[in-house]
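The values are calculated or read from the model by the stated rules, or taken from the named source; none is laboratory data. Please read these numbers as outputs of a predicted model, since none were measured by experiment. Here the Cβ positions follow ideal geometry from the backbone for every residue, glycine too, while neighbour counts run over all protein chains shown. Note: accessible area is taken over every heavy atom of the protein model, side chains too, but ligands, DNA and RNA are not part of it. Shrake-Rupley method; radii C 1.70, N 1.55, O 1.52, S 1.80 Å.
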Amino acid sequence: MAQANAKPYLGSTVLDVHHPDVFPSSPMALIGIFIAIIQDRFSGTNAEGLPYYWDPDPTPDHDEDNSNEKPRRIYIESQFSEFPDARDVLPSILVDKEETRADKQWFGHRGHINLPDRNEVYVMFTTSSMSILVGGRTRGESATLAEHIFMFLATCTPFIRETFSIHDISVPIMSKTTPQRRSGNDIEFWNTTINFQVQTKVLWRTKPIAPRLQEIRSKLSLGADKNHVDLDIEQYVGRT
Amino acid sequence: MAISIKIVKETSLWPYGHLIQWELKNDAISGDYTFAVYRSGFLNGPWDLAAQGLVNTFAFRDTFPQKPGTSAPNEVRPNQLGGFRNFYYKVTVTGPTGETAETIDEVGPTANRHMSNFRRKAIRDLGLVLRKYSGSKVALLKRRRWGTRCLKCVDPRTKEVTRAACVSCWGTGIVDGYWAPVLTYARRSASNNVSVITPEQKSDANDCKIWMPETPTMERDDIVVFMNDQRRYRLDQVMQTEIQLESVHQVLSAQEIARDHVIYKLHVSPDINPLF
């Protein structure tokens with residue numbers, strides 16, 4: 001599997017190409033990562049011998065006949081795009097995130113405390129449900145493409161975790177292939193859904209600054225004269 | 001006068017086929033008249049030979065036999081196990097002097113003579129309106145329901161089409177996908193364009209009603225191509241007006257096909273440049 005550009009950051013990750021507003025392990029980050037992975041699965045040498053391939057330009061070439069020699073372009077993007085660059089293209093693989101749940105592992109999320117400086121480290125896991133819709137114009141097309149994605153995710157989980165510093169990825173679940181009609185004005189097509197869970201680790205630490213401030217204050221009140229013993233007792237006020 | 005032939009009755013023998021009966025006109029010359037019967041799913045063929053060498057007979061019972069040298073599931077026989085199957089028969093005759101004639105008819109009921117004339121008038125009036133005023137030229141593509149299964153994209157066990165953009169079967173699972181196109185006139189209602197945001201991103205959908213003559217009979221999954229603006233529509237529903245069960249005209253509910261569909265590569269008219 002080709003390596004994507006990734007910056008490990010406190011146990012979660014985000015792609016280089018993301019917008020600065022997209023934080024590591026945020027919904028947009030997770031959706032973007034899995035879109036990039038699946039696009040890579042259908043690109044270049046990874047797509048050799050398949051009747052489908054991915055290209056940034058969604059318009060199929062005229063001579064594509066969905067054979068292994070002249071494969072058909074496939075559309076891989078996120079769901080619910082408000083302004084997509086192409087509409088109603090099939091077959092399509094559309095990725096989205098459902099709910100994200102924060103899991104508490106220890107009391108108060110506390111993982112560690114360093115007594116000398118009272119720095120505390122906290123750990124939390126977030127579990128996000130991912131869904132991938134595999135759409136096709138026929139039942140067989142949707143089902144066979146979904147099978148590709150399903151097996152790819154099931155077998156490449158360790159590599160995906162390692163590359164993107166994801167804590168855990170559950171085994172995928174593939175639904176049955178059913179007909180869908182987006183609106184009463186539309187022709188029906190076939191859809192297969194693949195669901196799985198992604199668990200990311202969130203770490204944060206706290207550093208108490210009140211004692212540090214009071215240290216500074218006591219040094220200021222003592223001044224530069226080491227013989228001065230007028231001790232400022234206010235440094236102890238407020239500590240319980 | 002030249003001989004002519006007319007199919008006078010088609011009797012459906014569900015689910016085992018049809019009984020076709022015909023008669024000759026102007027058959028003044030004594031001798032043997034040899035008939036051949038052909039079967040198709042649409043008005044312009046292509047035609048499958050159902051029987052030949054029928055001498056001085058005026059009926060034939062078509063039981064949809066398996067083509068010689070073929071077998072299921074790779075070769076799908078015609079059958080009547082569906083509510084909306086259309087069959088067309090062509091009967092040709094060769095007279096004692098070698099003179100030939102032929103007739104084509106769709107299987108269906110026939111109104112009695114008096115009401116048949118009313119029907120003819122209604123059909124003629126509609127045809128005039130469509131050709132001169134409100135209609136547009138269309139090409140009709142009727143989906144094949146029987147024939148050789150596509151070996152490139154059909155799973156023979158589940159009979160599912162696994163590649164919808166296959167140009168061997170045009171995504172239908174049967175080689176050639178559609179019968180030969182038929183050109184006629186039809187009227188399309190104003191479009192009801194709808195854009196909705198769905199999990200499948202923003203989708204543009206367009207549905208309409210189409211009014212067209214009584215023949216050829218259309219059914220769901222058939223394609224109507226409007227030559228004027230090159231839009232292609234897939235049929236969802238077909239309703240007919242009838243006189244004594246015989247169709248007078250058809251009203252179709254149709255949805256526009258997405259622009260990347262493989263059906264856009266199927267040329268319906270050889271006269272247009274670029275090929276369309």
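For segment A:49-203, the gyration tensor built on C-alpha atoms gives a prolate shape. Its axis ratio a/c (a ≥ b ≥ c) is at least 1.5, and a/b is the larger of a/b and b/c. Between B:Asp222, B:Asp236, B:Asp204, the residue with the greatest mean-square fluctuation in the GNM of chain B (Cα pairs under 10 Å linked by springs) is B:Asp204. Across segment B:254-269, coupling constants 3J(HN,Hα) worked out from phi with the 6.51/-1.76/1.60 Karplus curve, θ = phi - 60°, read 9, 10, 6, 7, 4, 6, 9, 5, 5, 5, 5, 8, 7, 7, 9, 9 Hz, and Gly and Pro carry x. Shape of segment B:78-119 from the C-alpha gyration tensor: oblate (a/c of 1.5 or more and a/b not above b/c, with a ≥ b ≥ c the square roots of its eigenvalues). Axis angle, to the nearest 10 degrees, between helix B:113-129 and the longest C-alpha principal axis of chain B: 40 degrees. Among the trypsin sites (Lys or Arg not before Pro) within segment B:95-156, not one is in coil by DSSP while having at most 13 neighbouring Cβ atoms inside 10 Å. Summing Lys and Arg as +1 and Asp and Glu as -1 over all other residues whose Cβ lies under 15 Å from the Cβ of B:Thr162 gives a net charge of +3.
Expressed as a whole percent, the accessible surface of segment B:59-140 that belongs to carbon and sulfur atoms is 52, based on a 1.4 Å probe. Going by a ≥ b ≥ c, the root eigenvalues of the Cα gyration tensor, does segment B:172-276 fall in the rounded group (a/c under 1.5), the prolate group (a/b larger than b/c) or the oblate group? Note, shape of segment B:172-276 comes out oblate.
Working from label points 7 Å from Cα in the Cα-to-Cβ sense, the A:Leu50 to A:Asp103 distance is 3.0 nm. Within the P(r) computed for the protein assembly as shown, what percentage of the Cα pairs occupies the region above 45 Å? Result: 38 percent of Cα pairs exceed 45 Å. Amide hydrogen proximity for B:Glu200: with H placed 1.01 Å from N in the peptide plane, the residues at 5 or more positions away or on another chain lying under 5 Å are A:Phe80. The B:His114 and B:Lys265 beta-carbon pair, evaluated with R₀ = 51 Å, returns a calculated FRET efficiency of approximately 0.60. Result for chain B in a Gaussian network model with C-alpha springs under 10 Å: among B:Phe226, B:Phe118, B:Phe42, the largest mean-square fluctuation is at B:Phe118. Remark: accessible surface ordering of B:Leu151, B:Leu141 (largest first) is B:Leu151, B:Leu141, probe radius 1.4 Å. Cys residues of chain B that find no other Cys beta carbon under 4.7 Å: B:Cys208. Residues A:Glu188, B:Glu10, A:Glu162, B:Glu23, ordered by accessible area of protein heavy atoms at a 1.4 angstrom probe radius and largest first, appear as A:Glu162, B:Glu23, A:Glu188, B:Glu10. With both labels modelled 7 Å from their Cα along Cα-to-Cβ, the A:Met28 to B:Asn44 distance reads 5.3 nm. Counts of other chain beta carbons within 10 angstrom of each beta carbon in peptide A:195-204 average 0.
Placing a label point 7 Å from the Cα of B:Glu242 along the Cα-to-Cβ direction, the residues of segment B:103-131 whose backbone N falls under 14 Å of that point are B:107-112.
Rolled with a 1.4 Å probe across the full set of protein chains, the surface gives A:Ser67 an accessible area near 20 Å².
Shown are A:Met28, B:Met218, B:Met1, B:Met239, whose ranking by accessible area with a 1.4 Å probe and every protein chain present, most to least, is B:Met1, A:Met28, B:Met239, B:Met218. Expressed as a fraction of 2.2 N^0.38 Å, the value expected for a compact globular protein of N residues, the C-alpha radius of gyration of segment B:28-97 is 1.32.
Using R0 = 22 Å, the C-beta based FRET efficiency linking B:Ser189 and B:Ala122 works out to 0.60.
Computed with a 1.4 Å probe on the full set of protein chains, the accessible area for B:Asp229 sits at about 60 Å². Shape summary of segment B:76-151, radius of gyration then Dmax from alpha carbon positions: 18.0, 51 Å. Pairing chain B with chain A buries about 3200 Å² of accessible area. This figure sums both sides and uses a 1.4 Å probe. Solvent-accessible surface (1.4 Å probe) assigned to B:Thr100 amounts to roughly 90 Å². Before I look further, what does the protein assembly as shown give for accessible area per residue, probe 1.4 Å, in whole square angstrom? On a per-residue basis, 53 Å². Label point 7 Å out from A:Asn195 along Cα-to-Cβ: which residues of segment A:76-119 have amide N under 13 Å? Taking a point 7 Å out along Cα→Cβ of A:Asn195, the residues of segment A:76-119 whose backbone N falls under 13 Å are A:97-100. Taking chain B as a Gaussian network of alpha-carbon nodes connected by springs under 10 Å, the highest mean-square fluctuation of the residues B:Val154, B:Val107, B:Val194 belongs to B:Val194. Checked against a 19 Å cut-off, the cross-linked pairs A:Lys70/B:Lys265; B:Lys25/B:Lys90; B:Lys142/B:Lys202; A:Lys97/B:Lys202; B:Lys121/B:Lys142 give Cα-Cα distances beyond that limit for B:Lys142/B:Lys202; B:Lys121/B:Lys142.
The spacing between segment B:181-245 and segment B:4-57, judged by their C-alpha centroids, is 33 Å.
Identify the GluC sites (Glu not before Pro) of segment A:80-145 meeting these criteria: DSSP loop state and at most 14 other C-beta atoms within 10 Å of the C-beta. Loop-located and lightly packed - A:Glu82.
Under the combined filter of DSSP loop state and at most 14 neighbouring Cβ atoms within 10 Å, segment A:27-109 retains these trypsin sites (Lys or Arg not before Pro): A:Lys104.
Counting each DSSP H run of 4 or more residues in the protein assembly as shown as -39500 (n - 2.57), what helix-only mean residue ellipticity at 222 nm follows after dividing by all residues, to the nearest 500 deg cm²/dmol? Before the final figure, lay out each step's value.
Details: 4 runs with 71 residues, N = 516.
Value at 222 nm, helices only: -4500 deg cm²/dmol.
Dividing the radius of gyration of the alpha carbons in segment A:46-131 by their Kirkwood radius gives 1.33 for Rg/Rh.
What translational diffusion coefficient, to the nearest whole µm²/s, does chain B have by Stokes-Einstein, given a Kirkwood radius computed over alpha-carbon pairs, a temperature of 4 °C and 1.567 mPa s viscosity?
Calculated translational D: 62 µm²/s.
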